Structures are given as C-alpha cells and as structure tokens.
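Every number in this text was worked out from the coordinates using simple rules, so none of it is lab data. A quick note: this is a predicted structure, and the numbers were derived from the prediction, not measured.
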Amino acid sequence: MGDGTLSQDEIDALLQGTDELMTESLGNASTSFGVSTPGAGAVESLSEMDKNVLGELIREIGNSQANALSALTGINTSFGSPFIDVGALENLKKDIKGRVIQAKVSITGGIAGEWVYVVPEKSVLTITNILIGQENNTEITDLVTNTFGEVITQITGAMITVLSEKLNKPITPGFPNIDLLEDPAAISVAGGQM
C-alpha cells in the first residue's frame, strides 16, 4: 500500500464483516453509513492500522462527496475527519434520536453490496431547501425526497469513482431507495445487519 492505493487483500480485509457499524462524524451533523456485503462474518474490532487505512479511504471519499455537494448547492462544503468504530447496528439505532432519512444504494461490479446513508431529517431539509429554493420548508414531501435522491446519486457517484480507482475495477451503483424513518429502530440493511 506504500503508493497510497489499497490492495485487493486490504480492501477485502476491511470489508469483511461489515455487518458491523462504521460511523463518520461530520461536524455538528452525524451521518452513519456502512456497506453490507453478502456472506460477511462479524468483526469484533479493527486494528489501529485497519482503522487508519479505512479512515484514509473514508476521508478521500468524503472529500470527493463534499466536492459533489458543493457543486450541487453552490456552497463550499467540507467534512471533518472520520471517526471509525466497530459496533452492533442495534447500538447505533439506540444512539440516533429523531426522524432520519435512510438512503440505500446497491453496488455491483468490483465490489458487491449495499451502501447505506442515514441522515438526520434536518440535514436533508437544509440541503434540499437550498436546491429547490425554499427557505422555510419543514416537511419531507415528494419533491424533497426526489431532490434528496438526486443528491444521493451525485455523492454516491463521487464515492464510486474513488472506490473504482482504488480497486482498479468497475463498480456500478443502483438507484437510491429513499425512506423517511419516524423511528431510528427501523434502520435496516441487507441481511439485517450493518
């Protein structure tokens, strides 16, 4: 990995057991995400080296996604340093308060699975209000859902570009499936685990 790229073995090692939780704290908004891969076993912990490698990958993905979001909104966007932890999905559900939007994107090709975004309702409204030109909209409408779906498509495309370059394999995202969850206990991923 000395040249800044990840080998397939390193990627596989990091993704094995992603039925556990990966969380990135983004300033005052907390966005949780993970990749669910079929047949992955549970991971009890990550070594510091694994956390550093994964952190660098997430930081690069975050920078690419921030650039995509900046291009969409016309507002300079940046994400803070990722915080990597391993834990059970059930624990994440207990930590999240309030309504959230869950966006799932299936991934095929060089890596197969599902990328899941869990975003606080307030953050979704802030982003979509900028894009649709509404200042005080406080409701998740079909227009908001569709607009946020386009945001997810754009930032997932940015992520796919980074992962494809790192793996040197084509990766294809599906269309996002967007759900408003009244209760974070309803967060779900393929296979029932994250």
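Things to note:
- Cα gyration tensor, region 72-194 - rounded (a/c under 1.5), prolate or oblate: oblate
- Applying D = kT/(6 pi eta Rh) to region 43-134, where Rh is the Kirkwood radius over alpha-carbon pairs, T corresponds to 37 °C and eta to 0.692 mPa s, the Stokes-Einstein value obtained is 211 µm²/s.
- Binned Cα-Cα distance frequencies in region 136-194 - 5 Å width, integer %: 4, 14, 17, 19, 21, 14, 7, 3, 1
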